[in-house]
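Novice: Input: one structure, supplied below.
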Amino acid sequence: MKEIFWRKLVTSESRSSSDKMLRSILSAASFFYSTAISLRNTLYDKSIIKTVKVPAAVVSIGNITTGGTGKTPLVAWLCNYFTGQNVRTAVLTRGYKIKNDIADEPAMLAKASPNATVLVNPDRVAAAKRAINENKAKLLVMDDGFQHRKLARDVNIVAIDATEPFGHEKLLPAGLLREPLDSLKRADAVIITRANQNSPEKIDEIKKRILAIKPDMVFAAAVHKPKYVKLIKDKQLPLSQLAGKKIYAFCGIGNPDAYFQTLKDMSLNIVGTKVYNDHHVYTNEDIAAIYEDAQYKKAEFVITTHKDWIKTALLCTEKFQIPFAALLVELEFMEGQEKIIALVDKALEKYV
């Protein structure tokens, strides 16, 4: 089952007989997934499976739903803040779907936080030891670390997307939840991302739901603020240059709707869109098809995400009359930034 079709299936309310049958099959599969997850968490909770503690402050940035909660900008912000405080920092990432030694998220992190060391290794414990021994790291930021429990952490931060906070209340593959909501008891803090894409009332509802699970949860809220547009050869274009232009947008990320909403919030004139699976590996044929559709719709710019740009920039050569570009965004806190910094500072006290 293709990811785009699956995502539409589990997030829609279609009542067709075929969709209902498929959802029933996914619900049955979800039971086995839930059983496996519950057993694994119980083994860790009861210390039957031991965690490994390393001599550095470990901060996990993760989520409880699949794809697109904004972990990468959050990891970059955390690294940039603490490297700015002269703290030796390393990112531990598993490098999802690496091909030809290139993975989209590690490459993004390396560019977005140039003063931090980025280590790609599915074995987070081995990566942590290497960061400490070779790079003298004092702060280890574990990207997508909430479910990777082998490496003990000092601070557990969970990113929850305001547009899809609870994964449609069902575990994979019947919904988007990677773990039951009760797993949030393990978290020290929740950062509600894309908080500007939901109403204050809905944000309060999200907080109340989480507080019912863990009454002392620390909260912060953040937005993904567009900064500028990046063209081929690293040329930068101010956002004002997109005003009044016809834009064609494409992406291959976990939450494409949130990306397109960001473009709409910028009051851009979107004349066409194309969605690929998360972590899609683009080909020359893909780019040619995007360009052909954009040309047909008389677009003046083709815009994608930074994550997709990492994999398409070399394919988007200057042979095209319509320029290809990436929208660069940065995490900006609406509230709670000082609380997150305080949690990490406390974890660092015995190492720096």
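Novice: For the stretch 41-75, enumerate the residues that are hydroxyl-bearing (S, T, Y) and in contact with a Gly (Cβ under 8 Å, 6 or more places away or on another chain).
Specialist: Hits for the stretch 41-75 are S60, T65, T66, T69.
Novice: For residues in the stretch 279-289 being under 17 Å from G254 (Cβ atoms) and buried (at least 18 other Cβ atoms within 10 Å of the Cβ), which is modelled with the highest pLDDT?
Specialist: Among residues in the stretch 279-289 that are under 17 Å from G254 (Cβ atoms) and buried (at least 18 other Cβ atoms within 10 Å of the Cβ), the one modelled with the highest pLDDT is Y282.
Novice: Another one. On the basis of being at pLDDT below 95 and crowded, with 18+ Cβ neighbours inside 10 Å, does Y259 make the cut?
Specialist: The answer is yes for Y259.
Novice: Only one of T163, T193 is surrounded by 23 or more Cβ atoms within 10 Å (Cβ to Cβ), under 26 Å from L9 (Cα atoms) and either touching a helix residue (DSSP H, G or I) at 6+ places or on another chain (Cβ under 6 Å) or of a type outside the set (A, V, I, L, M) (or both); which?
Specialist: Unique residue meeting the criteria: T193.
Novice: Looking for something in contact with a strand residue (DSSP E or B) (Cβ under 7 Å, 6 or more places away or on another chain), hydroxyl-bearing (S, T, Y), closer than 28 Å to W309 by Cα and touching a residue at least 12 places away in the same chain (Cβ under 8 Å) - is there at least one such residue anywhere in the stretch 117-126?
Specialist: yes
Novice: Give just the number: which of (1) farther than 19 Å from A107 by Cα; (2) at pLDDT 95 or above does Y276 not satisfy?
Specialist: (2)
Novice: Starting from residues that are buried (at least 16 other Cβ atoms within 10 Å of the Cβ) and of a type in the set (V, I, T), keep the ones in the stretch 290-321 and report whichever is farthest from the chain's Cα centre (by Cα).
Specialist: Checked the stretch 290-321; the qualifying residue farthest from the chain's Cα centre (by Cα) is I290.
Novice: Given I253, I210, which one is β-branched (V, I, T), surrounded by 14 or more Cβ atoms within 10 Å (Cβ to Cβ) and part of a helix (DSSP H, G or I)?
Specialist: It is I210.
Novice: The conditions are (1) surrounded by 23 or more Cβ atoms within 10 Å (Cβ to Cβ); (2) touching a residue at least 60 places away in the same chain (Cβ under 8 Å); (3) more than 30 Å from K202 (Cα to Cα), and L151 fails exactly one of them. Which is it?
Specialist: (1)
Novice: If you go through the stretch 59-73 one residue at a time, do you hit one that is at pLDDT 95 or above, in contact with a Ser or Thr (Cβ under 7 Å, 6 or more places away or on another chain), over 28 Å from I210 (Cα atoms) and not hydroxyl-bearing (S, T, Y)?
Specialist: Checked the stretch 59-73: no residue is at pLDDT 95 or above, in contact with a Ser or Thr (Cβ under 7 Å, 6 or more places away or on another chain), over 28 Å from I210 (Cα atoms) and not hydroxyl-bearing (S, T, Y).
Novice: Farther than 23 Å from L9 by Cβ and free of Cβ contacts under 8 Å to residues at least 24 places away in the same chain: is that true of K214 in this structure?
Specialist: Against the criterion (farther than 23 Å from L9 by Cβ and free of Cβ contacts under 8 Å to residues at least 24 places away in the same chain), K214 does not qualify.
Novice: What tally of residues in the stretch 64-98 results from selecting those that are crowded, with 22+ Cβ neighbours inside 10 Å, at negative phi and outside any helix (DSSP H, G or I)?
Specialist: Residues meeting the conditions: 8.
Novice: Contact list please: Cβ distance under 6 Å, first residue in the stretch 336-352 and not assigned by TED's automatic domain parsing to the domain that holds L140, second residue exposed (fewer than 15 other Cβ atoms within 10 Å of the Cβ) and part of a helix (DSSP H, G or I), pairs at least six apart or on different chains.
Specialist: Every condition considered, no pair remains.
Novice: Which one is surrounded by the most Cβ atoms within 10 Å (Cβ to Cβ), of the residues in the stretch 106-140 that are in contact with a Lys or Arg (Cβ under 7 Å, 6 or more places away or on another chain) and part of a helix (DSSP H, G or I)?
Specialist: R124
Novice: Check whether at least one residue in the stretch 66-77 is farther than 30 Å from D234 by Cβ and in the same structural domain as P165 (by TED's automatic domain parsing), and report yes or no.
Specialist: Within the stretch 66-77, the first condition is being farther than 30 Å from D234 by Cβ, and the residues that meet it are 66.
Keeping just the survivors that are in the same structural domain as P165 (by TED's automatic domain parsing) gives 66.
Yes, the stretch 66-77 contains at least one residue that is farther than 30 Å from D234 by Cβ and in the same structural domain as P165 (by TED's automatic domain parsing).
The values are calculated or read from the model by the stated rules, or taken from the named source; none is laboratory data. Not measured: the values here are computed from a predicted model. Every residue, glycine among them, receives a Cβ derived from its backbone with ideal geometry; neighbour counts consider all protein chains shown.
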